[in-house]
Amino acid sequence: MFLKEYFGTIYKSIKSLLVGMKVTGYYFTHLDEIKTEEYPDNRATLKMFDRFRGEVVMPHDDNNEHRCTGCQACEIACPNGTIKIITKQEILEDGKKKKRIDAFVYHLDLCTMCNLCVVACPSDAIVMAQNFEHSVYDKKQLKKILNQPDSKLMQGVE
Amino acid sequence: MEINKSMEGPLTFPGQVHETADGGILVTKLDDVINWARSNSLWPLVFGTSCCAIEMMSAAGAKHDWSRFGFEVARATPRQADLIIVAGTIVMKMAPVLKRLYDQMPEPKYVIAMGACTISGGPFFYNTYSVVKGVDHVIPVDVYIPGCPPRPEALLHSMITLQEKIKNEQYFKKKIEDVR
Amino acid sequence: MKILLTYSFSSLATYIHNLLAELITNSLLLQVTEMVILGVSLIAFLVVLCFFLGYMERKVAAFMEIRLGPNRVGPKGSMQIVADTLKLLLKEGLTPDSADKFLFNLAPVIMVIGSMMVIAPIAFAKDFQLYDINIGVLYVSAVSSLGVIGILMAGWSSNNKYSLLGAMRSGAQIVSYELSVGLSLISIVVLSGSLSLGDIVRSQENGWWIIKGHIPVIISFVIFIIASTAEINRAPFDMAEAEQELTGGFHTEYAGMKFAMFLLSEYINLFVVSAVAATLFLGGWMPFHIGGLDGFNHIMDFIPSSVWFFSKTFLIIFIIMQFRWTFPRLRVDQLLTLEWKYLLPISMVNVILVTVMAIMGWHF
Amino acid sequence: MRGLIEDDYVTDEGEFVINIGPQHPSTHGVLHLKVWLDGETVKKVQPHLGFIHRSIEKMSESLSYRNFIFATSRMDYLAAHINNEACALTVEKGLQLEVPDRAKYIRTILAELTRLQSHLLWWGCTGLDLGAVTPFFYAFREREYIMEIMEETCGARLTQNFMVPGGVMYDIHPNFQKRTKEVLIQIKSKFQEYDNIMTGNVIFENRTKGVGFLSKEDAISYGVTGPTARASGVSCDIRKLIPYSAYDQVQFDEILGTGGDCYARYMIRMHEMKQSVSIIEQLIDNIPEGEFQAKTKNVIKLPKGEFYQRVETPRGELGVFIVSDGAASPYRIKYRSPGFSNLSALPLMAKGGKIGDLVAIMSTIDLVIPDIDR
């Protein structure tokens, strides 16, 4: 009885080990199962999903106009102070004084891509871009000003 | 290596002086060989504190597979590691440990700050009392990747960026200049 | 093709000997020079072999793990291991302050020397054996256990708790598994009637022992593979390193070149163990012969003997690598249970079976 | 670090003291375990916490109810979705807000996908902890599929932040249902392979069977929850006991084990993966049409009072306790995290085992350290 149990254990053990080796052996012999995407080589074809959140950007149209009114809704919505909006008073053509953004400061180093600012924006001025290659040698380069120099508010956006 | 060059390179390192080769061709060639070896054999330390560690594991996984670059030899002991990827928040209590780990690594050693928490404290920059506001307060950082957490591809990008940096190092030339 | 067939290492050795003899008249100096040339070429061969094994291991692991493995440094990633070695050589060689410095630096050297010495009696090809010692099997099993001294030394001198634990584990492990390895070697010695590895290979002229010896030899082959995997500290028996438990095990404190020497000795050990298994059980350089079928045997002779040797060796290396990338690690007490409760009794009974078989002449 | 990390080699009783962690491959993060050893046998284990204490609770007190949810993703990052859901549910409870059915269904599907990916990662890491490297890669292959679903619909891989009080942030992506069904077929076909390479393996069985025993009484008295407790026979599945979201709409089994050892915990999780697949299959074709988000005010203010909501994360019961004084941000938040209670049972389980057992126990409890320290 003891011997039967003893050899039964050995038989079962060896069988289980061979079953395990069959799995790895299968993948070793079936190289088409390889799932690797070669990242820097596939940059041309690598496309992120539309909703992927890489960084906050402010789209500008051809006339160098953006949609940000400087209402600071995003700044309030941001849980970790990533966005700082600096506003200025601008005299329009009809002589009225209006609040306009001077600098839309965005700290990429603080941003957690939580999307709350984009949701909060009433005029769809900021969107999430899909790029992710942000590596830098210097931390200071991660502080960005999103509005381009000399950009203006788009007509009709209030 | 061609691919690395064809990558849209990162912004040039500020303060890096690109000297002309006055140390002789031999020295430059030796430097090239050393930098080639060092940049292609970055063994990371198994070091992860939070979310970014999972993306670091994803980068090791089959889909992204950092072993293509030769990074897969993750060492558990700092003595054999070349690179410390600070993946996750460093809090005040962890900072001395991180410092000690960094000190235990033999030269040359490199640091990648992965994710918002390690760059600047990230989501824990305001309103918390316990988080180190940027791991560069504790150890010198070579490459920063923002993101919370960054994609595995972003981590690979940062490691390629680090390779670029290592390729510009001048080991022998510096030695010769020290002697002079 | 003709050259390949008649090519013999002994003629090459004679040629070099004659050449040197013309240049150097002093017989002692001649001998020393020859030994130096031999040693240097052997070390170069082993280093290249280890490059290849390292590359192979990384690729095998990658393919089993559905990924590509190194493919960016050099063609198909073949220069990856060269870059790693070069980097390790150029890295700062640390010696911890509280370590026993002499032993700490001696340990990797002993490891490498111990594993390189085992190469001596192994026949790589027909008429190519460095030293056909008449007690080859005994020599192999004796010298291969030298490595444990290096591990114990490394673990103790590092002044690190993990290292000490790893070294102690390794000591217990290698001493135990030495028995099974020895007993499974004995079964072949009994069958072939010789301790010399050259004679053992020649005894397989009409068939390899694994075929001639029926089930008992197959059992001792399996036991040899398992026990020697344990003896060279490879997963699933890598108790001494056990990354998840002991971070780096006995080489936790080693960096740079000294660590590279541990890696070197690990791969040489892997090669040696596989080569010994191939020599004893699969006929070494002996082509696949079937007793009586002269025509078939003649065709097999067309394949060079070194190809036979290396293909057998690498087959076994591959199997040992597959073990590593498939199985979980044993626990330290289970490791000893496996040896003392299963491998040792079975191999003891097996030796008796083999002896009976040899006496009665039941084998082919 | 003086005093914290033991410098003595040997105690007066002849016990060998080693420090596992804060940086160690098997602690899954920055847990520090002080271990007293007698040879290889573990005499005593003492966990030290705080190496990743980020004061999320304190921080949440200064954030608005809409904003504090994102921080909880960083607590138990493998179940970020479920953490977010717990917070959203608590705020909705306070507001007495009725969440649209569509949002409930989406939440449940995503939560189960989260559970699936968390268990997959745990499975791979258990293999890694026990010395088998390959399962890790097989698990991550399937996990990447789920990550793709998450990315397509939520926009991020790990810390999705897809929950808002009142529903979900966006409607599901048009491809969501199709992709999820494809992935489920993929994953279901791989369960046999997982069993072949790990579950049936004799070394694995020896490493886990009878190791790290936790009795039912101990599990209850230590407040252990989740698969760890269910392996000891404690019925504690919040999804079954107090259904939230769409869990009352689906049929699934609460898996109960009896062994209380590592192998039982392992098997519970393996079965839970199959249950998660079946839950998603029941829901995926029946997502009701309608709004995905209930109308909420721009600035959410909870009425004065205390609100508590429990959910089932892959690791156990997560409780969110909010004390509100009627302002726009919580007065006090307390998370009852599953990892903390589960870890407290570790010294009990590890006592008398070997170092290898300690590793096996840690991996089958499935510790996520930021969840413990918060």
May I ask you to order C:320-330, D:30-40 by the average number of other C-beta atoms within 10 Å around their residues, highest value first? C:320-330, D:30-40
Rounded to the nearest 100 Å², the accessible area buried between D and C, both sides, probe 1.4 Å, is 2700
Along the dipole axis of the range C:1-90 (charges at Cβ: +1 for Lys and Arg, -1 for Asp and Glu; origin at the Cα centre), the most positive-end residue among C:70, C:80, C:21 is C:70
Ignoring ligands, DNA and RNA, how do C:313, A:36 rank by accessible area with a 1.4 Å probe, largest first? A:36, C:313
Could you work out how far the C-alpha centroid of the range D:133-188 sits from that of the range C:297-332, in angstrom? 42
I'd like the per residue volume of the convex hull spanned by the Cα atoms of chain A, given in cubic angstrom. 218
Out-of-range pairs (alpha-carbon distance over 25 Å; input A:144/D:297; B:93/C:101; B:99/B:165; A:152/D:301; A:139/D:334): A:144/D:297; B:93/C:101; A:152/D:301; A:139/D:334
Sorted by chain and number, the residues with a modelled amide H under 5 Å from that of residue A:56, at a separation of 5 or more or across chains, are A:129
Select from C:153, C:239, C:117 the residue whose mean-square fluctuation is largest in a Gaussian network model of chain C (Cα-Cα springs shorter than 10 Å). C:117
For the protein assembly as shown, size of Cβ-based charge dipole, Lys and Arg +1, Asp and Glu -1, in debye: 1200
Please state the shape class of the protein assembly as shown: rounded when a/c is under 1.5, otherwise prolate if a/b exceeds b/c and oblate if not, all from the C-alpha gyration tensor. prolate
Cβ neighbours within 10 Å from other chains - mean over D:76-87: 1
CD proxy, 222 nm, the protein assembly as shown: helix-only mean residue ellipticity via -39,500 (n - 2.57) per DSSP H run with n ≥ 4, per residue, nearest 500, stands at -15500 deg cm²/dmol
Keeping every protein chain in place, order D:332, D:207 by accessible area at 1.4 Å, biggest value first, i.e. largest first. D:332, D:207
Take each uninterrupted DSSP H stretch in chain D, measure its Cα extent along the helix axis, and return the ones at 27 Å or beyond whose mean Kyte-Doolittle hydropathy is at least -0.5. D:101-129, D:134-154, D:262-284
To the nearest 0.05, how large is the calculated FRET efficiency for residue C:179 and residue C:206 if R₀ is 22 Å and r is the Cβ-Cβ distance? 0.10
With +1 on each Lys and Arg Cβ and -1 on each Asp and Glu Cβ, and nothing else charged, work out how big the dipole of the range A:92-158 is about its Cα centre, in Debye to the nearest 20. 260
Hey, if we sort B:71, C:63 by accessible area with the 1.4 Å probe, largest down, what's the order? C:63, B:71
With r defined as the distance between the Cβ atoms of residue B:92 and residue D:254 and R0 fixed at 35 Å, what FRET efficiency is calculated, to the nearest 0.05? 0.25
Residue D:298 label point, 7 Å along Cα→Cβ, cut-off 11 Å on backbone N: hits in the range D:92-132? none
Helix A:2-29 sits off the longest principal axis of the Cα atoms of chain A, rounded to the nearest 10 on a 0 to 90 degree scale, by 40
Give the value in nm², to one decimal: projected area of the alpha carbon convex hull of chain D, averaged over all directions. 18.4
Accessible surface of residue D:279 in the full protein assembly, 1.4 angstrom probe, to the nearest 10 Å²? 0
Considering only DSSP states other than H, G, I, E and B, which GluC sites (Glu not before Pro) in the range A:76-135 qualify as loop sites with at most 14 other Cβ atoms within 10 Å? A:93
Carbon and sulfur %, accessible surface of the range A:55-153 computed with the full protein complex present, 1.4 Å: 49
Report in % the part of the accessible area of the range D:56-373 that belongs to carbon and sulfur, leaving out ligands and nucleic acids; probe 1.4 Å. 50
Summarise the partner chain shielding of A:64-77 as one whole number: the mean count of Cβ atoms from other chains within 10 Å of each residue's Cβ. 1
Mind putting a number on the dipole of chain D about its Cα centre? Charges go on the C-beta only, +1 for Lys and Arg and -1 for Asp and Glu, and I need it in Debye to the nearest 20. 740
Nearest-0.05 FRET efficiency for residue D:96 and residue A:119 at R0 = 35 Å, using Cβ-Cβ distance, is 0.90
Nearest 100 Å², what total accessible surface is buried between chain D and chain B (probe 1.4 Å)? 3100
Could you work out how far apart the two model spin labels at residue A:57 and residue C:199 are, taking each label as a point 7 Å from the Cα in the direction of the beta carbon, and quote it in nm? 8.0
Quick check for you: with a 1.4 Å probe and neighbouring chains kept, what is the accessible area per residue of the range A:112-151, in Å²? 45
For residue C:84, tell me the accessible area in Å² from a 1.4 Å probe, rounded to the nearest 10. 10
Computed over chain C, Kirkwood Rh from alpha-carbon pairs, angstrom: 21.9
Ordering of D:127-135, C:332-340 by burial proxy (mean other Cβ atoms within 10 Å per residue, highest first): D:127-135, C:332-340
Taking square-rooted eigenvalues a ≥ b ≥ c of the alpha carbon gyration tensor, is the range A:41-102 rounded, prolate or oblate, where a/c under 1.5 means rounded and, failing that, a/b exceeding b/c means prolate? oblate
Ignore the peptide's own chain and count Cβ atoms of other chains within 10 Å of each Cβ in C:246-257; give me the average, rounded. 5
Which semi-axes, in whole Å and largest first, does the equivalent ellipsoid of the range D:178-245 have when worked out from the alpha carbon gyration tensor as the square roots of 5 times its eigenvalues? 28, 24, 6
Check the straight Cα-Cα distances from residue C:341 and name the lysines below 23 Å, setting aside those fewer than 8 residues away within the same chain. A:4, A:12, A:15, D:209, D:354
Residue C:59: which lysines have alpha carbons under 22 Å from its alpha carbon, excluding same-chain residues fewer than 8 sequence positions away? A:22, A:35, B:63, C:76, C:87, C:312
Chains D and A: how much accessible area gets covered up at their contact, both sides added, probe 1.4 Å, in Å² to the nearest hundred? 2400
Heavy-atom surface of chain C, accessible at 1.4 Å and reported per residue (Å²): 40
With every protein chain kept in place and a 1.4 Å probe, the range D:177-257 has an accessible area per residue in Å² of 42
So if I average 1/r over every pair of distinct C-alpha atoms in the range B:22-179 and take the inverse, what Kirkwood radius in Å does that give? 16.3
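The values are calculated or read from the model by the stated rules, or taken from the named source; none is laboratory data. For clarity, every value in this text was computed on a predicted model and none was experimentally measured. When we count neighbours, we look across all protein chains shown, and the Cβ atoms used for this are built from the backbone with ideal geometry, even at glycine. What goes into the accessible areas is simple: the full protein's heavy atoms, side chains included, and nothing from ligands, DNA or RNA. Shrake-Rupley method; radii C 1.70, N 1.55, O 1.52, S 1.80 Å.
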